[in-house]
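See below for the structure under consideration.
A short reminder: the numbers here are calculations on the coordinates, not readings from a lab. From a predicted model like this one, the values you see are computed outputs, not experimental measurements. Ideal geometry is used to build each Cβ from the backbone, glycine not excepted, and the neighbour counts take in all protein chains shown.
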Amino acid sequence: MSTYDLYKQMEAAKALKGNLADILAEDPEFLPEAIEAETGLFEALNALVASVREDEALADGVDRLTARLKARKEALERRAETKRALIASALEIAGITSHEAPAGTVSLKVTPPKVIITEEADIPSKFFTSPDPVISRKAIGEALKFRAAALSAAADIEDEDERDTARAQVERDFPPVPGATLSNGGITVAIRG
């Protein structure tokens with residue numbers, strides 16, 4: 001039964017209630033019985049309640065399916081990464097940086113260091129973006145890379161006092177980011193064609 005049918009039955013119940021105003025003043029329990037006998041309002045309500053339950057069950061099913069599909073997608077992505085790592089190992093063992101295959105050309109590609117969040121709770125608030133508090137890996141990466149470059153430059157200073165002064169300056173200008181570090185970078189496989 002549609003919402004339009006329910007609306008029609010509600011109008012019929014209103015009219016019936018208006019026509020029975022004198023009787024209802026004496027017997028207030030008469031109205032539900034009269035509505036049930038003279039209209040299809042309760043049947044329409046029952047059909048709509050059943051329809052609401054069906055819609056809610058379908059929505060729950062979609063949530064479960066979405067979760068299963070997300071897990072499946074993540075498993076496929078992990079499997080693809082594992083296969084890429086195997087290809088990279090095979091190319092390194094063979095001592096080549098690229099290979100043309102019927103399925104595509106594969107080549108080794110150096111990847112820059114990536115941000116690794118070790119403890120999200122320790123990350124300073126300036127590295128979170130709005131409106132939702134989401135960690136800005138880009139901002140953390142820039143801060144960590146500037147720090148690493150500055151520490152490397154300070155380490156290259158031969159005079160010990162100057163080196164210590166430079167390191168102290170690095171600590172002031174580029175403090176560590178609690179809860180985050182950089183990976184060592186690595187090699188990935190690019191597949192074209």
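Within region 82-111, residues that are in contact (Cβ under 8 Å) with a residue 12 or more places away in the chain and over 15 Å from Arg192 (Cβ atoms) sit with their Cβ atoms under 6 Å from residues that are among the small types (Gly, Ala, Ser) and not in a helix (DSSP H, G or I), at 6+ positions apart or across chains, in these pairs: Thr111/Gly185; Thr111/Gly186.
Each row is one residue, and each column tells you yes or no for (1) of a type in the set (Lys, Arg); (2) under 30 Å from Ala80 (Cα atoms).
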{"site": "Asp122", "(1), (2)": "no, no"}
{"site": "Asp132", "(1), (2)": "no, no"}
{"site": "Glu142", "(1), (2)": "no, yes"}
{"site": "Ala148", "(1), (2)": "no, no"}
{"site": "Ala153", "(1), (2)": "no, no"}
{"site": "Ile157", "(1), (2)": "no, no"}
{"site": "Arg163", "(1), (2)": "yes, no"}
{"site": "Gly179", "(1), (2)": "no, yes"}
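Among the residues of region 95-114, not a single one is within 30 Å of Met10 (Cβ to Cβ), surrounded by 10 or more Cβ atoms within 10 Å (Cβ to Cβ) and basic (Lys, Arg).
The residues of region 149-180 that are surrounded by 15 or more Cβ atoms within 10 Å (Cβ to Cβ) and touching a residue at least 24 places away in the same chain (Cβ under 8 Å), listed by number, are Ala150, Phe174, Val177, Gly179, Ala180.
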